[in-house]
Amino acid sequence: MSLGERIRDRRKQLGLTQLEIAQQLNMGRSNFGHIENGRVVPSSTDLDKIADILKTKPDYLLGKTDDPSLLTNEDSNALTPKEEKDIAVKLQKMMDELENDSSLAFMGEPLDEEERELLRISLENTLRLSKQMAKKKFTPKKYRK
């Protein structure tokens, strides 16, 4: 797939028009159309701007990678919305179980609201960290970015 085809496909994925992108690049729509049709190769500066507008990396547009996302190695372990929801559900279950038991106490004293909230935050952080560590450990190398 050529540079122009990748730009066109990504633009359509995002629901943008040639005119919208051309205006952001301070050029005419027909000039941007020439880039998409492969008649003109954009400068490196314009390519960087196009990649920013299309929320991708220049490497994707140039065909060096097939992944249009902006994820870097540090972000590859970021949690998806589904994983965030799973953590919230699991956390709520844990807190409900602790509330239902009479065991929610510290040194024999029941926990007050502030201590209960601190416990909830600590459990949430632990769940997030364990999920991220599991993703890092169990993601095959060929799928890592």
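The values are calculated or read from the model by the stated rules, or taken from the named source; none is laboratory data. These figures come from a predicted structure and were not determined experimentally. Note: ideal-geometry Cβ built from the backbone for every residue, glycine included; neighbour counts use all protein chains shown.
If you take the residues of region 29-73 that are in a loop (DSSP other than H, G, I, E, B) and crowded, with 16+ Cβ neighbours inside 10 Å, which of them is modelled with the lowest pLDDT? Outline the logic, then answer.
First, the residues of region 29-73 that are in a loop (DSSP other than H, G, I, E, B): 37-43, 54-57, 62-73.
Filter once more, keeping what is crowded, with 16+ Cβ neighbours inside 10 Å: 42, 54, 56-57, 68.
Working: Pro42: 90, Leu54: 89, Thr56: 88, Lys57: 87, Pro68: 76.
Per the criteria, the residue is Pro68.
If I filter region 92-101 for residues that are in contact (Cβ under 8 Å) with a residue 40 or more places away in the chain and either polar (S, T, N, Q) or not assigned by TED's automatic domain parsing to the domain that holds Thr139 (or both), do I get at least one hit?
No: region 92-101 contains no residue that is in contact (Cβ under 8 Å) with a residue 40 or more places away in the chain and either polar (S, T, N, Q) or not assigned by TED's automatic domain parsing to the domain that holds Thr139 (or both).
Is there a residue being in a helix (DSSP H, G or I), without any contact (Cβ under 8 Å) to a residue 24 or more places away in the chain and closer than 28 Å to Ala134 by Cβ anywhere in region 21-28?
Looking only at region 21-28, we keep the residues that are in a helix (DSSP H, G or I), and these are 21-24.
Narrowing further to those that are without any contact (Cβ under 8 Å) to a residue 24 or more places away in the chain: 22-23.
Filter once more, keeping what is closer than 28 Å to Ala134 by Cβ: none.
Checked against the condition, which is being in a helix (DSSP H, G or I), without any contact (Cβ under 8 Å) to a residue 24 or more places away in the chain and closer than 28 Å to Ala134 by Cβ, region 21-28 yields no hits at all.
Return the residues of region 1-21 that are surrounded by 18 or more Cβ atoms within 10 Å (Cβ to Cβ) and over 16 Å from Asp67 (Cα atoms); say none if nothing qualifies.
Looking only at region 1-21, we keep the residues that are surrounded by 18 or more Cβ atoms within 10 Å (Cβ to Cβ), and these are 3-4, 6-8, 10-11, 18, 21.
Within region 1-21, Gly4, Gln18, Ile21 qualify.
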